[in-house]
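Accompanying notes for the structure given below.
The values are calculated or read from the model by the stated rules, or taken from the named source; none is laboratory data. A quick note: this is a predicted structure, and the numbers were derived from the prediction, not measured. Methodologically, a virtual Cβ is constructed for each residue, glycine included, from the backbone with ideal geometry; neighbour enumeration extends over all protein chains shown.
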Amino acid sequence: MTERPDRGATERPDRDTAAEPVIEVRDLWKSFGDQEVLRGVNLFVLDGETLVVLGPSGCGKSVLLKHVIGLMKPDRGSIVVEGRELTKLDAHELKDLRMRFGMVFQGAALFDSMTVGENVGLPLKEHRGMKGDELADLTETKLRMVGLAGVSHLRPSEISGGMKKRVALARAIALDPDIILYDEPTTGLDPIMAEQINELIRTLQRKVNATSIVVTHDLHSAKFTGDKIALMHNGRIELVGTMDDLRHSDNEAVRTFIARGHAPALGSKGGAGPIDPEVFE
Ligand SMILES: Nc1ncnc2c1ncn2[C@@H]1O[C@H](COP(=O)(O)OP(=O)(O)OP(=O)(O)O)[C@@H](O)[C@H]1O
Ligand SMILES: [Mg+2]
């Protein structure tokens, strides 16, 4: 196991000529008690690009996303979003910046007491002051964008898991965000439904041209939705590249992840195994 992450792959090659990243995370550290969860995370995402963060359960993917959207404060490190150092913003500035994000939370996180339409319309009502027909029309438009026309009157308890993820997507794009963060968008879905969500993410990328981070431990979803893939392990990004780069990597954690379909447990030595070629087809 390499003790150091592959820093070269997570650093911009040429700061003078390369495009400015929309999101740049530098040397991010976060502990809960004596548990070090983030141990020097480096990554960047360029305008309109989708970065997939792959990693095993508990490695800190959701914690990382919550830092990127400013819901958690790091112990140290830097998070620059659209040129602004997020860790230095006050609560008001953070709230403004957060409006530029759409977030699909792990497990959809819909309000059960509200209808589908009220869930999707909530950001429009709260942040744009919309109401009446205008609110209803735009809510329906957002629901149509995710293939869910005519369900706004239903409650989350009356729709399937896949539909809930779509509603969460519709809510995430309600305010036309520049940046969309997806936390495990396909987890818990059957393969057909997962494929539909993957296709929807791709379609949304084309339609709204947002910069995105997709967190997942699903290799197929990573391959389908990502322009580049970051493998997270032991609180760091081990490697960033294409699926092909991952396939040819000598990094033990990467090889183990590919071979098993998941990375070794945190702190384990792991062991490189054969690569399953089907993953790349
Ligand atoms: N608010 C918190 N307080 C204390 N510990 C936390 C908190 N949030 C996360 N953790 C811990 O941080 C670690 C990483 O959690 P995180 O939710 O980021 O994992 P994950 O990679 O998203 O896993 P999964 O794939 O299962 O969603 C876990 O051990 C978790 O218990
Ligand atoms: Mg998570």
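Mind listing just one residue for me: the one in the range 55-87 that is surrounded by fewer than 20 Cβ atoms within 10 Å (Cβ to Cβ), at pLDDT 95 or above and touching an Asp or Glu at 6+ places or on another chain (Cβ under 8 Å) and, of those, nearest to residue 31 (Cα to Cα)? Among those residues, the one meeting the criterion is 76. For the condition closer than 26 Å to residue 166 by Cα, buried (at least 16 other Cβ atoms within 10 Å of the Cβ) and without any contact (Cβ under 8 Å) to a residue 40 or more places away in the chain, residue 95 does not qualify. Among the residues here, residue 232 qualifies as at pLDDT 90 or above and in contact with a helix residue (DSSP H, G or I) (Cβ under 8 Å, 6 or more places away or on another chain).
Screening the candidates 149, 168, 174, 210 for the property of being within 16 Å of ligand 2 (Cβ to nearest atom) and either hydrophobic (A, V, I, L, M, F, W, C) or touching a His at 6+ places or on another chain (Cβ under 6 Å) (or both) yields one hit, 168.
Mind checking whether some residue in the range 38-45 is in a helix (DSSP H, G or I), under 24 Å from residue 242 (Cβ atoms) and within 16 Å of ligand 2 (Cβ to nearest atom)? Checked against the condition, which is being in a helix (DSSP H, G or I), under 24 Å from residue 242 (Cβ atoms) and within 16 Å of ligand 2 (Cβ to nearest atom), the range 38-45 yields no hits at all.
To keep it simple, each residue is scored yes or no on (1) over 30 Å from residue 96 (Cα atoms); (2) more than 16 Å from ligand 1 (Cβ to nearest atom); (3) polar (S, T, N, Q); (4) without any contact (Cβ under 8 Å) to a residue 12 or more places away in the chain.
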site: 120; (1), (2), (3), (4): no, yes, no, no
site: 128; (1), (2), (3), (4): no, yes, no, no
site: 164; (1), (2), (3), (4): no, yes, no, no
site: 174; (1), (2), (3), (4): no, yes, no, no
site: 177; (1), (2), (3), (4): no, yes, no, no
site: 185; (1), (2), (3), (4): no, no, no, no
site: 216; (1), (2), (3), (4): no, no, yes, no
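Looking only at residues of the range 99-130 that are of a type outside the set (A, V, I, L, M, F, W, C) and over 19 Å from residue 164 (Cα atoms), we find that the one that is nearest to ligand 2 (Cβ to nearest atom) is 100. Tell me, yes or no, whether the range 34-42 has at least one residue that is within 15 Å of ligand 1 (Cβ to nearest atom), surrounded by 21 or more Cβ atoms within 10 Å (Cβ to Cβ), in contact (Cβ under 8 Å) with a residue 60 or more places away in the chain and under 23 Å from residue 172 (Cα atoms). No, the range 34-42 contains no residue that is within 15 Å of ligand 1 (Cβ to nearest atom), surrounded by 21 or more Cβ atoms within 10 Å (Cβ to Cβ), in contact (Cβ under 8 Å) with a residue 60 or more places away in the chain and under 23 Å from residue 172 (Cα atoms). I'd like to check something: does the range 52-72 contain any residue that is touching a residue at least 40 places away in the same chain (Cβ under 8 Å) and more than 16 Å from ligand 2 (Cβ to nearest atom)? No: zero hits.
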